[in-house]
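The values are calculated or read from the model by the stated rules, or taken from the named source; none is laboratory data. In this text the structure is predicted, and so the values were computed from the model without any measurement. Counting neighbours? That spans all protein chains shown, and the Cβs are built from the backbone with ideal geometry, glycine included.
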Amino acid sequence: MTFFDTLPAKEEVVRLRPIELGDLNALFAMQVDPESNAMAVTIPRTQETFYEHWLLSLQQDDVTPRAILLDETFVGYISCFLINDAMNLGYWIDRTHWGKGIATRAVQLILAECDVRPIHATAATSNGASMRILEKSGFQLVCVRFAPATDRFPACEEASFRLD
């Protein structure tokens, strides 16, 4: 064993930066992943709808879209956005990076940047990982309800969270 074998592994750094047009292809690939959609209980957007959504989102003042980087590797996105005059939070982590604490750290970073309160988030009750991330980040469970199907989400039981 050498001295270098006893050094701790380099800690990977999670940071946020604004989403760039060049990120959209990687984002699209993430959002069509079947396992990710099963976990998040989402229906992937078509390529046309996906790009329309993101091009519009990148132009809106009431949306804070951020790339999540692990060191310098693009691993997902996180965003604060208005829906019906209420600030909301959403995120998506590439499946190859699940379970590393990246989403928890990204939520902490975006909450420091987006200081509007209250802020809301939802998760399918079957997505225990996302519910734990929200609770660890200070969100309180407000209610659990049956959410009907939409073009983006299948019908499911959904937990609504709020951070004041």
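Considering each of LEU70, LEU55, LEU27, LEU21 in turn, give the residue that is farther than 22 Å from SER160 by Cα, buried (at least 16 other Cβ atoms within 10 Å of the Cβ), out of contact with any Asp or Glu (no Cβ under 6 Å at 6 or more places or on another chain) and of a type in the set (A, V, I, L, M). Checking each option against the conditions leaves just LEU27.
Restricting attention to segment 44-57, does a residue exist that is under 20 Å from THR122 (Cβ atoms), more than 16 Å from the chain's Cα centre (by Cα) and without any contact (Cβ under 8 Å) to a residue 40 or more places away in the chain? No; the residues of segment 44-57 include none that is under 20 Å from THR122 (Cβ atoms), more than 16 Å from the chain's Cα centre (by Cα) and without any contact (Cβ under 8 Å) to a residue 40 or more places away in the chain.
Just one of THR150, THR125 is within 18 Å of GLU35 (Cα to Cα) and either loosely packed, with under 13 Cβ neighbours inside 10 Å or of a type outside the set (Phe, Trp, Tyr) (or both); which is it? The unique qualifying residue is THR125.
Out of curiosity, is PRO8 part of a loop (DSSP other than H, G, I, E, B) and either over 25 Å from GLU157 (Cα atoms) or at pLDDT 95 or above (or both)? So that I can check it myself, show each step before the final result.
Numbers: part of a loop (DSSP other than H, G, I, E, B): yes; either over 25 Å from GLU157 (Cα atoms) or at pLDDT 95 or above (or both): yes.
Yes, satisfied.
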